[in-house]
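The values are calculated or read from the model by the stated rules, or taken from the named source; none is laboratory data. As the structure is a prediction and not an experimental result, all values here were calculated from the model. Here Cβ is always computed from backbone atoms with ideal geometry, including for glycine, and neighbour counts include all displayed protein chains.
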Amino acid sequence: MTQRLDGRVALITGASRGIGAAVAKRYAQEGAHVILVARTTGGLEEVDDAIKADGGAATLVPADLTDGATIDQIGSAIAARFGRLDILVGNAAILGILSPTGHVDPDVWDQTLAVNLTANYRLIRSFDPLLRKSKSGRAIFVTSGVANGVFPYWAPYAATKAGLEKLVQTYAGEVEKTAMRVNLIDPGVVQTGLRAEAFPGEDPTQHPLPYSITDTFVDLAHASCTHHGALIQAG
């Protein structure tokens, strides 16, 4: 089988479960060396075991993405080891809380902003030089349908995803004349922990598994991708 990402170096945040874990496994199957970033060491080790069992290669990076200095250190380590980064997937996110906007605790607001928006700015800041050193750097950020339209009680999550979209579109405009391609992906409804947290009474088995949407992530990561500054629906 032809491996579409053979020899490429990919970093995925939120890689210990859900969409991030599925994308990491798929990228490894496609020949990429995957750098797995998440807070949960046990979850990262489970993904790593699955990747190795399938013949792939991964580097584990337990990290708190709200610590900007840690992101900078990861960038320095990638530069020293690989000299470049071919693919960045900004996937990590938290729900925050479903609540009337005026009732949201300031600490919850700040944490949601830090994980869902500010951390992605720090990823861009740290990894832009490494993506530019790739012959075909690809940056993919995961958004949500709640970024558009009106969704009462979703203020922290919706606001951060809307901000993420504008951040990524602005960045795409800034690198338009380079070999890089920068895009957003809306995964739609799949079985994830965040979905279960938002809809605890829902039967999760009615939704597809995260692995079912990984074709779109591979397409956007491939050297032949021509999308730029786009918001792509997965599936």
Quick one: Ala155 ticks every box in (1) buried (at least 19 other Cβ atoms within 10 Å of the Cβ); (2) touching a residue at least 24 places away in the same chain (Cβ under 8 Å); (3) closer than 22 Å to Gly18 by Cβ bar one, so which box is it? (3)
Please verify whether Asn148 is within 14 Å of the chain's Cα centre (by Cα), among the polar types (S, T, N, Q) and within 25 Å of Ala198 (Cα to Cα), treating the condition exactly as stated. no
(1) small (Gly, Ala, Ser); (2) out of contact with any Ser or Thr (no Cβ under 6 Å at 6 or more places or on another chain); (3) surrounded by 17 or more Cβ atoms within 10 Å (Cβ to Cβ) all hold for Ala77 apart from (3)
Condition first: over 23 Å from Arg8 (Cβ atoms) and touching a strand residue (DSSP E or B) at 6+ places or on another chain (Cβ under 6 Å). Now tell me which residues in region 197-230 satisfy that. none
Got a sec? Which helices (runs of 4 or more DSSP H) wholly within region 1-112 have at least 2 residues that are farther than 24 Å from Lys133 by Cβ and at pLDDT 95 or above? 18-29, 41-53
Enumeration of residues in region 11-28 that are more than 22 Å from Ile94 (Cα to Cα) and among the aliphatic types (A, V, I, L, M): Ala28
Note on region 172-199: residues assigned to a loop (DSSP other than H, G, I, E, B) and not polar (S, T, N, Q) are Val175, Glu176, Lys177, Ala179, Met180, Pro187, Gly188, Val189, Val190, Phe199
Could you tell me whether any residue of region 152-163 is under 24 Å from Arg8 (Cβ atoms) and out of contact with any strand residue (DSSP E or B) (no Cβ under 8 Å at 6 or more places or on another chain)? no
Restricting the search to region 221-235, which residues are assigned to a loop (DSSP other than H, G, I, E, B) and polar (S, T, N, Q)? Ser224, Thr226
Go through (1) in contact (Cβ under 8 Å) with a residue 60 or more places away in the chain; (2) surrounded by fewer than 21 Cβ atoms within 10 Å (Cβ to Cβ) for Gly96 and report which single condition fails. (2)
Counting only residues in region 169-179 that are more than 16 Å from Leu231 (Cα to Cα) and of a type in the set (A, V, I, L, M, F, W, C), the one surrounded by the most Cβ atoms within 10 Å (Cβ to Cβ) is identified as Val175
